[in-house]
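Visitor: To start, I am sharing the structure in question, which I have written as structure tokens.
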Amino acid sequence: MNNNINVREILGVQNNNPLFIKTLGPDKRAAAERFAVTEKFFEEWHSAINQTNTREMPPELIKYYEEAALALCIILKMEKGLITW
């Protein structure tokens, strides 16, 4: 009778990853703080810009505002991913 139990196999642990002491991942609290700051900045920036006369802006300038907004959205998405990691 074999009394050996393969815990790694039972738990589905792969590549000799540690079972008890885990390596540190991203700092979720710091990510949450950055997320909050970036979200607040984005909302205030978006509101302030759209309170100005944007009808006569050159297309190239509009393009850069759109790129900046997209970059901030990507940052927010990535920070949110770190928070839930």
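Visitor: Among 54, 84, 38, which comes first, second and so on when ranked by fewest other beta-carbon atoms within 10 Å? Before the final figure, lay out the partial values.
Guide: On the way: 54 11, 84 7, 38 15.
By the 10 Å Cβ count, ascending: 84, 54, 38.
Visitor: Which residues make up the longest stretch of the chain clear of trypsin sites (Lys or Arg not before Pro) that lie in a DSSP loop with no more than 10 other Cβ atoms within 10 Å, not counting the sites?
Guide: Working: sites that count: 22, 55.
Counting only loop sites that pass the neighbour cut-off, the longest clear stretch is 23-54.
Visitor: In the chain, what is the volume of the convex hull around the alpha carbon atoms, normalised per residue and reported in Å³?
Guide: Details: hull volume 10.3 nm³, N = 85.
It is 121 Å³ per residue.
Visitor: Chymotrypsin sites (Phe, Trp or Tyr not before Pro), restricted to region 17-68: which are DSSP loop and have at most 15 other Cβ atoms within 10 Å? Before the final figure, lay out each step's value.
Guide: Working: sites: 20, 35, 41, 42, 45, 64, 65; in loops: 20.
For chymotrypsin sites (Phe, Trp or Tyr not before Pro) across region 17-68 that sit outside H, G, I, E and B with at most 15 neighbouring Cβ atoms in 10 Å, the list reads 20.
Visitor: What value, in deg cm²/dmol to 500, does the helix sum -39500 (n - 2.57) over DSSP H runs of n ≥ 4 give at 222 nm once divided by the residues of the chain? Intermediate results must be reported in sequence, preceding the final value.
Guide: Numbers: 3 runs with 53 residues, N = 85.
Computed ellipticity for the chain at 222 nm equals -21000 deg cm²/dmol.
Visitor: Let me ask something else about it. How large is ³J(HN,Hα), in whole Hz, for each residue of region 68-78 in order, when computed from phi with the Karplus curve 6.51 cos²θ - 1.76 cosθ + 1.60 and θ = phi - 60°, using x for Gly and Pro?
Guide: 3J(HN,Hα) across region 68-78, in whole Hz: 5, 5, 4, 4, 5, 5, 5, 4, 4, 4, 5.
Visitor: Most mobile of 56, 67, 33 per a Gaussian network model of the chain (Cα springs, under 10 Å)?
Guide: Judging by the Gaussian network model, the answer is 56.
Visitor: Enumerate the calculated ³J(HN,Hα) couplings along region 43-54 in order (Karplus 6.51 cos²θ - 1.76 cosθ + 1.60, θ = phi - 60°), each rounded to whole Hz, writing x wherever the residue is Gly or Pro.
Guide: Values per residue, Gly and Pro as x: 5, 5, 4, 4, 5, 5, 5, 6, 7, 8, 7, 9 Hz.
Visitor: Also, I was wondering about something else. With +1 on each Lys and Arg Cβ and -1 on each Asp and Glu Cβ, and nothing else charged, work out how big the dipole of the chain is about its Cα centre, in Debye to the nearest 20. Intermediate results must be reported in sequence, preceding the final value.
Guide: Values: 10 positive and 11 negative charges, 91 e Å.
Result for the chain is approximately 440 debye, rounded to the nearest 20.
Visitor: Once Lys and Arg get +1 and Asp and Glu get -1 on their Cβ, which of 38, 76, 26 lies farthest toward the positive end of the dipole of region 25-83?
Guide: 26
Read-outs throughout are calculated quantities, based only on the coordinates presented, and are distinct from any laboratory measurement. Source: prediction; values computed, not measured. Positions of Cβ are generated from backbone atoms using ideal geometry, with glycine treated the same way; all protein chains shown enter the neighbour counts.
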